[in-house]
1. If you scan the range 97-108, which residues turn out to be part of a strand (DSSP E or B) and either open to solvent by less than 10 Å² (accessible area, probe 1.4 Å) or over 17 Å from L119 (Cα atoms) (or both)?
2. Kindly provide the set of residues from the range 128-160 that are aromatic (F, W, Y) and either more than 20 Å from A74 (Cα to Cα) or not in a strand (DSSP E or B) (or both), ordered by number.
3. Looking for whichever is farther than 14 Å from L63 by Cβ, open to solvent by 40 Å² or more (accessible area, probe 1.4 Å) and at pLDDT 90 or above here; the options are R133, R149. Which one fits?
4. Using the structure shown, decide if V17 is at pLDDT 70 or above and under 30 Å from L155 (Cα atoms).
5. Just to be sure before I move on: is V92 in contact (Cβ under 8 Å) with a residue 24 or more places away in the chain, surrounded by fewer than 12 Cβ atoms within 10 Å (Cβ to Cβ) and on the phi < 0 side of the Ramachandran plot in the structure I sent?
6. In the range 79-94, which residues are part of a loop (DSSP other than H, G, I, E, B) and closer than 24 Å to L138 by Cβ?
7. Go over the candidates L127, L56 one by one and state the one that is surrounded by 14 or more Cβ atoms within 10 Å (Cβ to Cβ), among the aliphatic types (A, V, I, L, M) and touching a residue at least 12 places away in the same chain (Cβ under 8 Å).
8. Please determine, by comparing only the residues of the range 72-89 that are among the small types (G, A, S) and over 20 Å from R154 (Cβ atoms), which one is surrounded by the most Cβ atoms within 10 Å (Cβ to Cβ).
Amino acid sequence: MPQLAARTLLGAIVSLVLMLFLALQLVLSREQLSAYPGVVSVLERVCRAWSCEPVLPQRADALVIESSSFERVADNTYRLALNLRNNASVDVAWPSLELSLTDSSSAVVLRRVITAQELDLKDDMLLSGATLRITQGLTLPETWPEASRVAGYRLLAFYP
């Protein structure tokens with residue numbers, strides 16, 4: 001009888017330890033888990049209990065810049081406009097944008113990263129299947145000598 005009690009106690013301890021490891025893995029891999037519909041609300045509850053932030057999936061392969069433009073508005077002021085589409089079946093976190101200004105030979109003369117915080121977006125995610133029009137003003141330094149060399153641009157959505 002004492003052996004049975006010891007085995008039961010050992011089994012309970014092993015089960016408890018495994019459940020704790022599972023809970024820890026859920027918190028640490030919350031980005032991958034949040035890619036499944038219905039899991040986000042569970043993760044939000046778990047994160048409230050554990051004082052962590054739920055993380056949205058980062059799927060750069062699902063982001064498509066459908067169209068974009070970069071035009072001069074004034075001397076050193078430009079306007080970047082783009083349509084960004086989420087082709088994933090789940091909501092994704094906002095990416096950062098890399099804007100590369102190029103000269104007439106396509107050499108990069110200026111590269112700038114525009115973060116999601118700078119875009120001042122209303123939501124913290126891009127909904128599944130949604131396309132959003134983004135317009136951002138940019139001012140280059142007046143003393144920047146390469147401004148006259150800008151002939152084109154390249155735009156990339158990525159996750160840092």
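1. Quick first cut of the range 97-108, residues part of a strand (DSSP E or B) only: 97-102, 108.
Result: L97, L99, S100, L101, T102, V108.
2. Here is the first cut: in the range 128-160, the ones aromatic (F, W, Y) are 144, 153, 158-159.
Correct list: W144, F158, Y159.
3. R133
4. Answer is no for this residue.
5. In short, no.
6. Residue satisfying the conditions is W94 alone.
7. L56
8. Within the range 72-89, the subset among the small types (G, A, S) is 74, 81, 88-89.
If we keep only those that are over 20 Å from R154 (Cβ atoms) as well, we get 74, 88-89.
Values: A74: 9, A88: 17, S89: 12.
It comes out as A88.
The values are calculated or read from the model by the stated rules, or taken from the named source; none is laboratory data. As the structure is a prediction and not an experimental result, all values here were calculated from the model. Ideal geometry is used to build each Cβ from the backbone, glycine not excepted, and the neighbour counts take in all protein chains shown. SASA here: full protein model, heavy atoms, side chains in, ligands and nucleic acids out. Shrake-Rupley method; radii C 1.70, N 1.55, O 1.52, S 1.80 Å.
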